[in-house]
1. Name every residue in segment B:185-204 that is surrounded by fewer than 19 Cβ atoms within 10 Å (Cβ to Cβ) and either more than 17 Å from B:Thr148 (Cβ to Cβ) or touching a Pro at 6+ places or on another chain (Cβ under 7 Å) (or both), in order of residue number.
2. Return the pairs, sorted by first residue and then second, in which the second residue is polar (S, T, N, Q), the first residue lies in segment A:177-189 and is closer than 11 Å to A:Ile214 by Cβ, the beta carbons are less than 6 Å apart, and the residues are 6+ apart or on different chains.
3. Kindly indicate the residue of segment B:13-70 that is outside any helix (DSSP H, G or I) and facing another protein chain (nearest Cβ under 10 Å) and also farthest from A:Leu147 (Cα to Cα) among those meeting that condition.
4. Could you list, in sequence order, all residues of segment A:320-336 that are surrounded by fewer than 20 Cβ atoms within 10 Å (Cβ to Cβ) and farther than 23 Å from B:Trp201 by Cβ?
5. Only residues that are facing chain A (nearest Cβ under 7 Å), assigned to a helix (DSSP H, G or I) and free of Cβ contacts under 8 Å to residues at least 40 places away in the same chain: list them for segment B:76-104, please.
6. I need the full set of residues from segment A:50-71 which are in contact with a strand residue (DSSP E or B) (Cβ under 9 Å, 6 or more places away or on another chain), of a type in the set (A, V, I, L, M, F, W, C) and either surrounded by 13 or more Cβ atoms within 10 Å (Cβ to Cβ) or assigned to a helix (DSSP H, G or I) (or both), in order please.
7. State yes or no: is B:Ile181 surrounded by 22 or more Cβ atoms within 10 Å (Cβ to Cβ), among the β-branched types (Val, Ile, Thr) and more than 16 Å from the chain's Cα centre (by Cα)?
8. Can you find a residue that is assigned to a loop (DSSP other than H, G, I, E, B), touching a helix residue (DSSP H, G or I) at 6+ places or on another chain (Cβ under 7 Å), in contact (Cβ under 8 Å) with a residue 24 or more places away in the chain and surrounded by fewer than 18 Cβ atoms within 10 Å (Cβ to Cβ) anywhere in segment B:110-129?
Amino acid sequence: MKWLRNLDSLVAVLTLLPSVILLAIFVYGFIGQTIQTSLTNWGKDPAQALAINPVLQFVGFENYKELFSGFIHGRFRQDLVNNIFFTVFFVGGCLLVGLSLAIILDRSPKGEGFFRTIFLFPMSLSFVVTGTIWRWMLQPAGGVNQLPSTVGLPEGQFAWLTSRQQVLQFDWNHLPLFTAWLIGLILLWIGVAALRGGEARRGWIALGSAALLIGWAVFIGPRVQLLPFPEIHGFNLAFIGIIVAAVWQMSGYTMALYLAGLRGVPEELREAARVDGASEVQLYRRIIFPMLAPITLSAMIILGHISLKIFDLIWAMTGVDNAPTEVPALLMYVTTFRSNKIADGAAIATILLLLVALVIVPYLYSQLRGEVRR
Amino acid sequence: MIWRVVQYGILALATLFFLLPVYLVVVTALKEPAAITLESTWQLPRLWYWESFAQAWNAFLPKLQNSFVLTLVGTLLSAILGSINGYVLSKWRFPGANVIFPLMLFGMFIPYQAVLIPLFQFIREIGLGGSLWGLILVHVVYGLPITTLIFRNYYAEIPDELVEASRIDGAGFWGIYRNVIFPLSVPGFVVVIIWQFTQIWNEFLFAVTLVSSPANQPITVALAQLAGGEAVKWNLPMAGALLAALPTLLVYIFLGRYFIRGLLAGSVKG
């Protein structure tokens, strides 16, 4: 019978094979082709851009260098800054709203099921639908700005999506400096925490790396010039409306994640803490929040990768070619399919992929590692 | 006591935040175009005007049909393939499965911009450029990771003893699937079908890039174009948004439990 079982194993593998081949081509093959395209000059010469068999030249990392330091690509750099600010505020907003709602619903108020349904329904909508609705909500002379006047207050004045204000401005040339300080301080914190926890090796490695980075930031960083000219970027206030709409759509998801986590905290544990004299605040701070830490991390990663890919929501709210509210995902589309600068588009896509992979690959690894060991 | 008041206060505020847009959509869709002004945004319509829905319905009917064909075919194919893949990966673990599965999963997280240029060319080269079938193919392939994941996790709960018993009875690979796995799969299929239905119905990036001819457009693309036009009065986009939202909204309202299960499964471990 052994050979029969082996035959079945062969059938099993052969059954999976078509899917594996399809994904190998559609994911890895195409990514490879995109990277290859990003190293050519496809689209630099308009005559070649739309040719059936374009004559392409290998230009190495020229397109990437241009995107990060070329004079005409300031728009890409602002888009990158936009996306990072958007990610921070969107993820923060979703976590805050989601956690608050989950804590309240976990305490079983009256009508819990009703509230849960209300908070989650936007998840079933298309970003295009959400964007269309919120575009109307955020008309500068109507919508949300008119709300106060329905109860007799003066109407709001904020221009929402049409705002041209920029805050939190910084010079692009200081980006390596800020990054070095940020990562250096995080590593410092990790190192100190590890040493206190008795993990000497880990602690000293982290402290050493932190010292290197901070040393660089103090002695070399201030003299680094990425561009021959100062270039100011910042947070465009026009994004606030998009962040509100995105939080409206996705905070229910965060709530569902947290609610599942809170339901997993055993009732005996809460009782035990209360018996030991812990107040409700202490109960949450000392016992429940630490238990929710893995969920927070998962939520941050899932939401973070969604926000790096955000595309349809912004298209529906401000159109496809609106510089103040643009992100790299949209710029890639415009560059490739409207301006026919295909190699530039491929380079932007590759950068986007790297950013997402930076977040997702460690996540997948940690999620699946435990399983394999089991 | 104070805590209770605060608690219900927050709930009321949140409910307002989540439902105000719904109120605005419905009210705007029911106003006659001439009565829609920015100052009267929040007022109820003086005259209930149902014409917008008829207009939106007429304009969107072909696109809704496209979306239905696209969604139904794409959902069913990716669900069936996902079920079989999940069966192989959970019950017929072969050497290398631990490497192949994460590599498959990665496909559901990538920004699709990273495959868009070669994909566009590929679909054109195989003669499906601009058609609905090209889009269906794309949705089936990029749906495989999530459907495989959900079924794999679902089948992991089915005891291996059942599979073993069936094998001793002489059942082969497909026999076990037919007699043991498939009959137990209904809840798994419900979760996967709801998830894929929502995803494909709502998708925009592939639709707007790969379907060039307006006749084949799905509803999301048509809605984005309608609302993007500057001259349009807002009653039509709002009625259109309601029509576009209705199928997935109904699924959510009636099968919400399964929808949430799919949602949580998307964070890999579930």
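The values are calculated or read from the model by the stated rules, or taken from the named source; none is laboratory data. Please read all numbers here as calculations on a predicted model, not as lab measurements. Backbone-built Cβ (ideal geometry, glycine too); neighbour counts: all protein chains shown.
1. The answer is B:Val186, and nothing else.
2. The qualifying pairs are A:Leu187/A:Ser209.
3. Restricting to residues being outside any helix (DSSP H, G or I) and facing another protein chain (nearest Cβ under 10 Å), the top hit is B:Ile36.
4. A:Asp321, A:Asn322, A:Ala323, A:Pro324, A:Val334
5. B:Val88, B:Asn98, B:Ile100, B:Pro102 - these are the residues of segment B:76-104 that are facing chain A (nearest Cβ under 7 Å), assigned to a helix (DSSP H, G or I) and free of Cβ contacts under 8 Å to residues at least 40 places away in the same chain.
6. A:Leu56, A:Val59
7. When the stated conditions are applied, B:Ile181 passes them.
8. Yes: segment B:110-129 contains one or more residues that are assigned to a loop (DSSP other than H, G, I, E, B), touching a helix residue (DSSP H, G or I) at 6+ places or on another chain (Cβ under 7 Å), in contact (Cβ under 8 Å) with a residue 24 or more places away in the chain and surrounded by fewer than 18 Cβ atoms within 10 Å (Cβ to Cβ).
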